[in-house]
Amino acid sequence: MKQPEQVEAETPPEFLTVDEAAALLRVNRKTLYEAIRLGQVPGVVRVGKALRILHAALVESTTGKGCDSALRGRR
C-alpha cells in the first residue's frame, strides 16, 4: 500500500500587496492606504510606484491590538 502524502502548509509570501494586506487585516484598502500615509503601518516598501508590505512586520504589529490604528487619531 502507498503511504499518504503529507501536505505542507503553504507559507505566506514575504511581501504583500496592499490588497492582500487589507484582506489579511480585514479592512478596506482605502483605510490601509490612509494608515500607510500616516506612517502607522510598519514594513512598507515602495518599489517604483507600487507599495509592498512586509508580512512579518504587519502580523507582529497587529497582534493583540483591538482597534484600527488608522482611525485611532481621528476621535
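The values are calculated or read from the model by the stated rules, or taken from the named source; none is laboratory data. What you are looking at is a predicted structure, and each value in this text was computed from that prediction instead of being measured. These accessible areas exclude ligands, DNA and RNA; they are computed on the full protein's heavy atoms, side chains included. Shrake-Rupley method; radii C 1.70, N 1.55, O 1.52, S 1.80 Å.
Here are a few things to note about the model shown:
- Subset tally (residues that are open to solvent by less than 60 Å² (accessible area, probe 1.4 Å) and within 12 Å of the chain's Cα centre (by Cα)) for the range 46-55: 4
- Wholly within the range 4-75, helices (runs of 4 or more DSSP H) carrying at least 3 residues that are at pLDDT below 70: 69-72
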